[in-house]
Amino acid sequence: MSDEWFFKKGRSNKEIPIGGLIKEAGSSKHFKTGDWRSFRPIVNEEKCINCMFCVVYCPENCIKVKEDGKRGEIDLDYCKGCGICAQVCPVKCIEMKEEAEFTK
Amino acid sequence: MSNVKALTGGEAVAEAMRQINPDVVAAYPITPQTIIMQKFADFHADGLVDSELVRVESEHSAMSCCVGASAGGARTITATASAGLALMWEILGVASGLRLPIVMAVANRALSAPINIHCDHSDAMGARDSGWIMLFSEGGQEAYENMMLAVRLAERKDVLLPVMVNLDGFITSHGVENITVYDDDKIKGFVGEISANKPLLDIKNPVTYGPLQLQDYYFETRSQQIPAMENAKKAYLEIGKELSSITGKEYGFVEKYQTEDAKAIIVAMNSTAGTTKAVVDKLREKGKKVGLLKIRMFRPFPYSEVMEALQNTKAVAVLDRALSFGANAPLFGEIKNSLYELKKRPALFSCVYGLGGKNIYESDVEEVFKKLSKKELGLINYIGLRE
């Protein structure tokens, strides 16, 4: 049995391992913490200086780095919207926007 | 060859532990710890067991250590009493929730306050909803045999629940009896080797124990303990039958002593069942139709077996060595539940006795039978209490 059950909804008590055991290493990747987000970071690409502060400060390690060493996209599957990236950005190019604006 | 030895109940449990030779024993080494661990530590020091004996700084740590060891795949045993069990409380639920087959002997003793060290079932009754299978022992011999049964029962794949083996503090734990100690090889053959379920030390198949489960899965996971408890009843009888081939004894959920034609029955657990047997014998000689129903397994509770045993009698007194303040005494409440579906129910009385080790004498039990036969008891009675 894969452990994806743990991060999906609706499995019955007969379909899950006893004692809540997780039998797969690294299974936290199934846990999309992006669900928790109420603010979404939006980057102004023109202002960004690629200093990488946001990358190293992100507690979820979800800001990617591109092959050329420049800052990549923010992985919204895991970004909890904590806003630390926006706080530490020296040029203030990240804006935290209400999640509701994107789910209208 | 079996061997009859003069042992205290605590030493008898330690003998069982010597024969079981568990992988890990974690225990708090001072009071309220009993002779059980003192004697087992002797066996350990003398090189008679291979167990890792971990002396921890509290019972909370003792049970935590057992949880870790058992999750690691080790056959794990501990022992405690009284306030020690109370301090373990949080981790008792972890052990059952993680489905770890830990075995623990509990010498039943009173809880504070006032400070008291003597026999009382308040400790075990306080832990009765923690998801542990609970066996009770009339004397040292039963405690000794229950330990072996417990190991097999806990580890059964369709059960995987911790088991608490209860024996009366001081009365049994420190009282010397003639104990038949069965042949080491036979007991070792009976308990066999643990085949652990998803052990943490199986590094080729890594698992995570104890993840967070919130509204989504907590209820589902906890509810898995319900069928496990049901399975425990069937498993107990099967394993008991196997143990019978060594001991020649029967292992039922209850012991029916002269209940068949009894007009008045006392329900009791642990050593008071022994006292009651003596009184039953005495009254039977005088032609009185009285009997005893001894509860051996308290969790899972054998409701239908209790109902079957009590359905033809006229009056029942339930002896509780614990209180549930503001509610029915614990055993009384269960017996009352058991009788609900009977069309014709016997008269039922609650008798609370012996808290903090206050003695219960044969004369007290005789008095209960006397009043019970005439239905002269109140609904709730306190035996031996000055009031």
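Go over the candidates B:Gly10, B:Gly68, B:Gly47 one by one and state the one that is among the small types (Gly, Ala, Ser) and part of a loop (DSSP other than H, G, I, E, B). Residue meeting the stated conditions: B:Gly47. Taking first residues from the range B:184-206 that are touching a residue at least 40 places away in the same chain (Cβ under 8 Å) and closer than 20 Å to B:Asn21 by Cα and partners that are of a type outside the set (Gly, Ala, Ser) and in a loop (DSSP other than H, G, I, E, B), the Cβ contacts under 7 Å between residues at least 6 apart in sequence or on separate chains come to B:Ile194/B:Arg75; B:Asn197/B:Lys157; B:Asn197/B:Leu160.
The listed residues are A:Lys80, A:Lys92, and the only one of them that is out of contact with any helix residue (DSSP H, G or I) (no Cβ under 6 Å at 6 or more places or on another chain) and either over 27 Å from A:His30 (Cβ atoms) or in the same structural domain as A:Arg37 (by TED's automatic domain parsing) (or both) turns out to be A:Lys92.
When we screen B:Asn166, B:Asn197 for residues that are buried (at least 17 other Cβ atoms within 10 Å of the Cβ), within 14 Å of another protein chain (Cβ to nearest Cβ) and not in a helix (DSSP H, G or I), the only hit is B:Asn197. Here B:Ile36 qualifies as in contact (Cβ under 8 Å) with a residue 60 or more places away in the chain and aliphatic (A, V, I, L, M). Inside the range B:15-60, can you point out the residues that are over 24 Å from B:Ser82 (Cα atoms) and among the acidic types (Asp, Glu)? Across the range B:15-60, the qualifying residues are B:Asp23, B:Asp46, B:Asp50, B:Glu52. Restrict the check to the range A:14-23 and report whether at least one residue is touching a residue at least 24 places away in the same chain (Cβ under 8 Å), within 14 Å of chain B (Cβ to nearest Cβ) and closer than 30 Å to B:Gln225 by Cβ. There is no residue in the range A:14-23 that is touching a residue at least 24 places away in the same chain (Cβ under 8 Å), within 14 Å of chain B (Cβ to nearest Cβ) and closer than 30 Å to B:Gln225 by Cβ. Just checking, does the range B:97-107 include any residue being farther than 19 Å from B:Tyr28 by Cα and free of Cβ contacts under 8 Å to residues at least 12 places away in the same chain? No, there is no match, as no residue in the range B:97-107 is farther than 19 Å from B:Tyr28 by Cα and free of Cβ contacts under 8 Å to residues at least 12 places away in the same chain.
Looking across the range B:127-185, just one residue is in contact with a Cys (Cβ under 9 Å, 6 or more places away or on another chain) and of a type in the set (Phe, Trp, Tyr), and that is B:Phe170. Scanning the range B:91-149 for residues that are within 14 Å of chain A (Cβ to nearest Cβ), not hydrophobic (A, V, I, L, M, F, W, C) and not in a loop (DSSP other than H, G, I, E, B) yields B:Gly93, B:Ser96, B:Gly97. Restricted to the range B:272-387, the set of strands (runs of 3 or more DSSP E) holding at least 1 residues that are crowded, with 17+ Cβ neighbours inside 10 Å, in contact with a strand residue (DSSP E or B) (Cβ under 7 Å, 6 or more places away or on another chain) and charged (D, E, K, R) comprises B:290-295, B:297-299, B:315-320.
Residues checked against (1) among the acidic types (Asp, Glu); (2) buried (at least 24 other Cβ atoms within 10 Å of the Cβ):
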residue: B:Thr78; (1), (2): no, yes
residue: B:Glu90; (1), (2): yes, no
residue: B:Ala107; (1), (2): no, yes
residue: B:Ala113; (1), (2): no, no
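Pairs meeting the criteria (first residue in the range B:243-254 and closer than 26 Å to B:Tyr303 by Cα, second residue hydrophobic (A, V, I, L, M, F, W, C) and assigned to a helix (DSSP H, G or I), beta carbons under 7 Å, at least 6 apart or on different chains) are B:Leu243/B:Met148; B:Leu243/B:Leu149; B:Leu243/B:Phe190; B:Tyr251/B:Leu149; B:Tyr251/B:Leu243; B:Val254/B:Val306; B:Val254/B:Ala309. Taking the range B:115-138 as the range and being over 29 Å from B:Glu230 (Cβ atoms) and surrounded by fewer than 21 Cβ atoms within 10 Å (Cβ to Cβ) as the test, the residues that pass are B:Ile115, B:Asn116, B:Ile117, B:His118. I'm trying to understand the selection: among the residues of the range B:146-163, which are under 21 Å from B:Ala12 (Cα atoms) and touching a strand residue (DSSP E or B) at 6+ places or on another chain (Cβ under 8 Å)? Within the range B:146-163, B:Asn146, B:Met147, B:Leu149, B:Ala150, B:Val151, B:Leu153, B:Ala154, B:Pro162, B:Val163 meet the criteria. The residue of the range B:233-262 that is nearest to B:Lys188 (Cα to Cα), among those that are in contact with a strand residue (DSSP E or B) (Cβ under 8 Å, 6 or more places away or on another chain) and aliphatic (A, V, I, L, M), is B:Val254.
The values are calculated or read from the model by the stated rules, or taken from the named source; none is laboratory data. Since we're looking at a predicted model, the values are computed, not measured. All Cβ positions, even for glycine, are placed from backbone atoms using ideal geometry, and neighbour counts span all protein chains on display.
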